[in-house]
Structures are given as C-alpha cells and as structure tokens.
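The values are calculated or read from the model by the stated rules, or taken from the named source; none is laboratory data. Fair warning: this is a prediction, and the values are worked out from it, not measured in the lab. Cβ coordinates were reconstructed from backbone atoms using ideal geometry, including for glycine residues, and neighbour counts include every protein chain displayed. Keep in mind that these areas ignore ligands, DNA and RNA; they rest on the heavy atoms of the full protein, side chains included. Shrake-Rupley method; radii C 1.70, N 1.55, O 1.52, S 1.80 Å.
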Amino acid sequence: DVEVCVFPNAAWEARVDVDGLASLASLVAIVVPYAGIMPKHLDRLRAILGGRLGSTGEGGVALHNLHHNGPITAEMAIALLLAAAKRLIPADRRIRQHDWRPRGLPFAGAQVDPPEPMVMLDGRTALVLGLGGVGSRVAAVCAAL
C-alpha cells in the first residue's frame with residue numbers, strides 16, 4: 001500500500017488530521033496543490049514527521065507542489081512589465097485628475113508637456129531569469145512582442 005496526502009488548500013490545518021500523518025507508516029508523499037508551503041506549516045510537518053519528511057530512503061515522505069499558478073503568475077508579470085513600460089500608473093493618475101493632455105510618445109502636432117517617457121518594447125531584448133513554469137511563459141510572450 002502507498003499513501004499520498006493531498007492538502008486541499010492553504011487552510012488545510014482545519015481540514016487535515018496532520019497529527020495523524022505520523023501514524024501512516026506507508027505515507028510516501030504529501031502534495032500541496034499550490035506554490036510553496038508556508039514556513040509555519042513546514043515547521044509543523046517537520047515536528048510531526050521528523051526525519052521522514054524530505055527523505056528519499058525507506059520510510060521517507062516526499063513533499064511536492066503542483067505549480068498550477070504558472071500561467072496566472074506569468075500573465076501578471078507581463079501585465080506589470082507593460083504597465084511599467086507604458087507608465088500606466090502616472091497616466092491613469094493624470095486622467096483621473098481630468099488632465100486630458102497627450103502624454104508619452106509624441107505624435108505629429110501634439111505638444112507633450114511634461115513628457116511621460118515610455119519604453120518601446122518592439123525590437124528590444126528581455127532578460128528572463130529562470131526558465132521554469134513561469135519564466136518560460138514570460139519569455140514566450142516577450143519573444144512575441
């Protein structure tokens with residue numbers, strides 16, 4: 001028999017008999033279906049499972065997460081990149097103050113005062129540190145720009 005415990009969400013302490021995990025001699029894995037585990041939860045698991053947690057030998061219990069947050073995190077990174085490059089926050093602030101003057105990259109006949117310099121991303125090179133589940137998605141979108 002092989003037993004695997006899947007923690008339902010970040011509020012797992014109220015739903016899972018964590019103390020009972022120590023009595024599961026055939027427990028081989030704990031799956032956390034979100035990115036990472038909070039230090040207080042990790043400390044509790046270590047206190048309950050002792051040296052079994054993270055051990056790859058006989059009786060060891062592996063700890064895994066699912067990284068299903070990759071797409072939404074990558075999309076947020078791209079949104080923040082575009083917001084920063086186009087100075088979206090200052091532009092939004094000026095519009096909310098009913099300042100309708102042109103801003104950013106000037107176009108023919110427009111006086112931009114004061115200018116809100118924007119970064120053109122077309123033809124630029126992006127450095128993405130880490131090509132895991134998030135970074136590879138960010139890199140693909142940057143390459144498409």
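Residues that are among the basic types (Lys, Arg) and over 23 Å from the mean Cα position of the chain (by Cα) were ranked within segment 24-70; the one that is surrounded by the most Cβ atoms within 10 Å (Cβ to Cβ) is Arg52. Against the definition (at pLDDT below 80 and open to solvent by less than 60 Å² (accessible area, probe 1.4 Å)), how does Arg103 come out, yes or no? Judged against the criteria, Arg103 is a match. Could you tell me whether any residue of segment 15-23 is under 29 Å from Val134 (Cα atoms), of a type in the set (A, V, I, L, M, F, W, C) and either surrounded by 11 or more Cβ atoms within 10 Å (Cβ to Cβ) or modelled with pLDDT of 85 or more (or both)? Checking segment 15-23: not a single residue is under 29 Å from Val134 (Cα atoms), of a type in the set (A, V, I, L, M, F, W, C) and either surrounded by 11 or more Cβ atoms within 10 Å (Cβ to Cβ) or modelled with pLDDT of 85 or more (or both).
Are any of the residues in segment 66-77 of a type in the set (Asp, Glu) and either in contact with a helix residue (DSSP H, G or I) (Cβ under 7 Å, 6 or more places away or on another chain) or at pLDDT 90 or above (or both)? Break it down stepwise before answering.
Kept after step one, since they are of a type in the set (Asp, Glu), are these residues of segment 66-77: 75.
Narrowing further to those that are either in contact with a helix residue (DSSP H, G or I) (Cβ under 7 Å, 6 or more places away or on another chain) or at pLDDT 90 or above (or both): 75.
Checking segment 66-77: at least one residue is of a type in the set (Asp, Glu) and either in contact with a helix residue (DSSP H, G or I) (Cβ under 7 Å, 6 or more places away or on another chain) or at pLDDT 90 or above (or both).
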